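Since the structure comes first, as structure tokens, the remarks are kept for the end.
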Amino acid sequence: MFLGLRGFPGVQGGVETHVENLCFNLANVGTKIDVVVRSPYIPKEPGFRFNNINYVRIWSPKSKSLETIIHTLLGVIYAAVKRPDVLHIQAIGPALLTPLARLFGLNVVVTHHGPDYDRQKWGPFAKFVLQMGERFGMRWSQARIVISKTIANMVFHKHSKEADLIPNGVVLPELDDAQGTLDDYDLEPGKYVLIVSRLVPEKRHDDLIEAFAGAGLEGYKLVIVGSSDHPDDYSRRIERMGNEIPGVVMTGFQSGEALRQLFSNAGLFVLPSSHEGLPIALLEALSYGLPVVASDIPANLEVELPEHRYFPLGDIEQLRNRIVEALGVEWTMKDRECTREEVSAKYDWQEISRQTLEVYRRVVNRKHN
């Protein structure tokens, strides 16, 4: 049973993308899966199922401060009644309820997707709660999964706990020659810079907009794909900048065919963020064979791009230079296919699912023994 995410498909977020792919691959090898999802994000349909995965739709308020904790509490109570072999809690916020799940006698695995208390959107109290969630999740669960070496080292040094390193993965997509979505936004293939993320402060869209505006890239546009789950001052400021600065295109949240077209036809993908676990959007861009530029934070460095594809976090001049340099180099089909092959081999969902299933078996067998 999975708990701690909004839901899927068609729900933006790295955790949601991670669990969606993990569940599909686990289901394909015969694992019975229940996913506890939040009512505002998933259609109200009795017995709703998707690709042999059973959805349990439980109410939650659509509130930045209360949504996660209330839904997780109700989800843990539901799990206590249903008694799954393993309750897999996603992220350190929901992991705050790990001790309660253990008191109910449940087998608990927690995946640490990153130190969310470092996100700029949270105030002091929320940061404290998230730190407690990390502490409880890492120390009370029977097994811990981390998605990067950086997180694994942090968990060991802070909590004296070993964790299974199982990264995010990618699904190697079919490149999409269709251009209907590009026509909708007046875009030309290969003539736009792309970022795909929620509109939250740590993604630093404002840095990218400023760098793009100063780059003087004639004929190019900047496409910002994503929205805010809970509109705030930051998201409204980014939307205002996007509407005011020439060449910036705000598409809002996109998924499915529309998102495939935007990825397939981009000239460059940029991720200027200050906080990541292991960036799924960056891996997705590489799975489409795109050239990429990213900030030099540890999570992005772990992807092991060439050195000249990184820039110092927050250095807008260097970001501008990297964008101009990247677009000034011809990116051939051979470059594209080599990039796709490398990322597919390193971040394979079937292998990730196999490793995760081994963690489940270890936890269950340990209890039986």
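The values are calculated or read from the model by the stated rules, or taken from the named source; none is laboratory data. Computed from a predicted structure; not experimentally measured. A quick note on method: Cβ atoms are made from the backbone with ideal geometry, for glycine too, and the neighbour counts reach across all protein chains shown. Note: areas computed on protein heavy atoms with side chains; ligands, DNA, RNA excluded. Shrake-Rupley method; radii C 1.70, N 1.55, O 1.52, S 1.80 Å.
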Evaluation of Tyr288 against (1) modelled with pLDDT of 95 or more; (2) touching a strand residue (DSSP E or B) at 6+ places or on another chain (Cβ under 7 Å) (one fails), failing number:
(2)
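A quick yes/no check of all residues on (1) in contact with a Cys (Cβ under 8 Å, 6 or more places away or on another chain); (2) of a type in the set (A, V, I, L, M); (3) modelled with pLDDT of 95 or more:
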residue	(1), (2), (3)
Lys161	no, no, yes
Ile166	no, yes, yes
Asp186	no, no, yes
Val196	no, yes, yes
Glu202	no, no, no
Ala211	no, yes, yes
Please work out which residue is surrounded by the most Cβ atoms within 10 Å (Cβ to Cβ), limiting yourself to region 119-143 and to residues that are in a loop (DSSP other than H, G, I, E, B) and charged (D, E, K, R).
Arg119
Leu199 fails exactly one of the following numbered conditions: (1) of a type in the set (A, V, I, L, M, F, W, C); (2) under 30 Å from Gly289 (Cβ atoms); (3) touching a Lys or Arg at 6+ places or on another chain (Cβ under 8 Å). What is the number of that condition?
(3)
Log entry, pairs with first residue in region 171-190 being within 19 Å of Trp331 (Cα to Cα) and of a type outside the set (D, E, K, R), second being modelled with pLDDT of 95 or more and loosely packed, with under 12 Cβ neighbours inside 10 Å, beta carbons closer than 8 Å, six or more apart or on different chains, reads none
Which one is surrounded by the most Cβ atoms within 10 Å (Cβ to Cβ), of the residues in region 39-58 that are charged (D, E, K, R) and either in a loop (DSSP other than H, G, I, E, B) or at pLDDT 95 or above (or both)?
Glu45
Residue hits (region 181-222; open to solvent by 10 Å² or more (accessible area, probe 1.4 Å), over 13 Å from Pro246 (Cα atoms) and in a helix (DSSP H, G or I)) are Thr181, Asp183, Asp184, Pro201, Lys203, Asp206, Asp207
Give the residue that is surrounded by the most Cβ atoms within 10 Å (Cβ to Cβ), with candidates limited to residues of region 333-350 that are in a helix (DSSP H, G or I) and touching a helix residue (DSSP H, G or I) at 6+ places or on another chain (Cβ under 8 Å).
Val343
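One residue is enough: does region 105-113 have a residue meeting the conditions open to solvent by less than 40 Å² (accessible area, probe 1.4 Å) and among the small types (Gly, Ala, Ser)? Talk me through it step by step, then tell me what you get.
Restricting attention to region 105-113, the residues satisfying the condition of being open to solvent by less than 40 Å² (accessible area, probe 1.4 Å) are 105-113.
Retained after the next criterion (residues that are among the small types (Gly, Ala, Ser)): 105.
So far as region 105-113 goes, yes, one or more of its residues are open to solvent by less than 40 Å² (accessible area, probe 1.4 Å) and among the small types (Gly, Ala, Ser).
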Among the residues of region 154-172, how many are open to solvent by 20 Å² or more (accessible area, probe 1.4 Å), part of a loop (DSSP other than H, G, I, E, B) and at negative phi?
6
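Between Ile70, Ile33, which is more than 20 Å from the chain's Cα centre (by Cα), free of Cβ contacts under 8 Å to residues at least 24 places away in the same chain and within 29 Å of His159 (Cβ to Cβ)? First the steps, then the outcome.
Values: Ile33 fails: free of Cβ contacts under 8 Å to residues at least 24 places away in the same chain.
Every option except Ile70 fails the conditions.
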For region 110-161, name all the residues that are small (Gly, Ala, Ser) and either over 18 Å from Ile69 (Cα atoms) or in contact with a His (Cβ under 9 Å, 6 or more places away or on another chain) (or both).
Gly114, Gly137, Ala143, Ser148, Ala152, Ser160
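Answer with yes or no whether Thr98 is open to solvent by less than 30 Å² (accessible area, probe 1.4 Å), of a type in the set (S, T, N, Q), touching a residue at least 12 places away in the same chain (Cβ under 8 Å) and in a strand (DSSP E or B).
On the way: open to solvent by less than 30 Å² (accessible area, probe 1.4 Å): yes; of a type in the set (S, T, N, Q): yes; touching a residue at least 12 places away in the same chain (Cβ under 8 Å): yes; in a strand (DSSP E or B): no.
When the stated conditions are applied, Thr98 does not pass them.
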